[in-house]
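See below for the structure under consideration.
The values are calculated or read from the model by the stated rules, or taken from the named source; none is laboratory data. The structure displayed is predicted, hence computed values, not measured ones. Counting neighbours? That spans all protein chains shown, and the Cβs are built from the backbone with ideal geometry, glycine included.
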Amino acid sequence: MKNIILSLKNVSKSYAKEKKALDNVSLDIQKGELFALLGPNGAGKTTLIGCVTGYVKKSSGSIVVAGHDIDRDTYAVRKRIGLVPQELALDIFYTVEDTLKFQRGLYGKKHDTKLLKKTLTSLSLWDKKDTEVRQLSGGMKRRVLIAKALMNEPDILFLDEPTAGVDVELRRSMWKAILKLKESGVTIILTTHYLEEAEEMADRIGIIDKGKLQMVEETKTLLSQFGEKRIDLHLDRKVETLPDALSRYAFEIRDDGKTLRYFASKNDISPHTLLSDLRSYGMNVRDIDTDTTSLEEIFIQLIHKKD
């Protein structure tokens with residue numbers, strides 16, 4: 001992989017009298033990609049982010065951000081990272097504009113009117129710049145958190161459950177804003193419980209469970225390797241058994257014999273041949289429904305497989 005911007009090697013984190021929160025995690029993130037880190041509650045997602053951002057001290061291993069080792073050059077690393085936490089960590093009596101000015105000042109950078117306007121506009125917040133945070137909706141506050149994290153012009157942006165508690169319509173508009181950030185060259189690492197977010201946006205997906213990184217794969221590859229295309233063939237009459245000659249399709253008889261379910265990924269037989277074979281045995285198809293295994297189903301399968 002070229003242009004590695006973040007590299008973790010054998011990173012572990014242990015707490016007293018507890019199991020490892022992170023267990024020998026190694027991961028490389030490419031500049032400009034959107035990486036989704038998935039896992040159940042307590043899997044280690046937030047701990048991993050904390051170790052990279054410097055808010056949590058790792059027990060062992062190495063972390064390098066844009067060529068800077070986090071132990072030897074902590075300040076240089078923090079300047080290159082933006083973090084959007086799960087919690088709404090905002091001063092509710094500040095205006096949106098003052099919130100961003102203050103955040104930029106924390107990094108010793110002068111106020112940049114063009115950057116502020118560009119950032120707020122990209123997140124549909126420009127008309128709220130003079131509004132106090134306490135007057136904003138929950139979804140708007142989450143947008144302010146993203147804008148705040150961008151004030152130091154980071155190379156890497158961590159989004160820890162950025163759309164938690166946000167309604168579906170606003171969530172999708174935030175996806176668009178996040179993808180715009182990616183297009184501008186920001187590397188994004190996303191944790192989420194909304195698996196359609198990862199399926200929609202991520203270049204690659206990592207699955208972490210019990211502190212261990214179980215799998216890292218390109219999203220398209222993950223869906224193609226583990227996904228199945230289900231085809232439900234609704235018949236014009238009820239069947240109880242199928243001829244032996246149709247056993248190669250491994251049909252499941254459903255709906256009291258009125259539907260045949262076929263998993264297309266298990267065979268290379270064309271739909272035309274399938275329908276022709278059914279007709280030859282007096283079974284006519286009146287309707288067809290298709291569905292593909294979702295990332296959520298794959299995720300559940302993989303996690304349970306590890307138990």
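Can you go through A164, A149 and tell me which one is surrounded by fewer than 18 Cβ atoms within 10 Å (Cβ to Cβ) and under 19 Å from V133 (Cβ atoms)? Answer to the check: A164. May I ask you to verify whether V64 is assigned to a loop (DSSP other than H, G, I, E, B), in contact (Cβ under 8 Å) with a residue 12 or more places away in the chain and not aromatic (F, W, Y)? No; evaluated as a whole, the condition is false for this residue.
Total residues in region 182-207 satisfying the condition of being hydrophobic (A, V, I, L, M, F, W, C), surrounded by 20 or more Cβ atoms within 10 Å (Cβ to Cβ) and either farther than 12 Å from E33 by Cβ or in contact with a helix residue (DSSP H, G or I) (Cβ under 6 Å, 6 or more places away or on another chain) (or both): the figure is 5. Do we find a residue being polar (S, T, N, Q), assigned by TED's automatic domain parsing to the domain that holds K117, farther than 23 Å from L90 by Cα and assigned to a loop (DSSP other than H, G, I, E, B) anywhere in region 173-192? Yes: region 173-192 contains one or more residues that are polar (S, T, N, Q), assigned by TED's automatic domain parsing to the domain that holds K117, farther than 23 Å from L90 by Cα and assigned to a loop (DSSP other than H, G, I, E, B).
Does A36 fit the bill of being over 23 Å from K176 (Cβ atoms) and assigned by TED's automatic domain parsing to the domain that holds P154? Judged against the criteria, A36 is not a match. Within region 99-113, residues that are assigned by TED's automatic domain parsing to the domain that holds R143 and in a helix (DSSP H, G or I) have Cβ atoms under 9 Å from residues that are of a type in the set (G, A, S) and at pLDDT 90 or above in these pairs: T99/A147; L100/A147; Q103/A147; Q103/A149, counting only partners at least 6 apart in sequence or on another chain. Residue by residue through region 44-56, note down the ones that are surrounded by fewer than 20 Cβ atoms within 10 Å (Cβ to Cβ) and without any contact (Cβ under 8 Å) to a residue 40 or more places away in the chain. Within region 44-56, G54, Y55 meet the criteria. Residues in region 259-299 that are modelled with pLDDT of 80 or more, part of a loop (DSSP other than H, G, I, E, B) and surrounded by fewer than 16 Cβ atoms within 10 Å (Cβ to Cβ): Y281, G282, N284.
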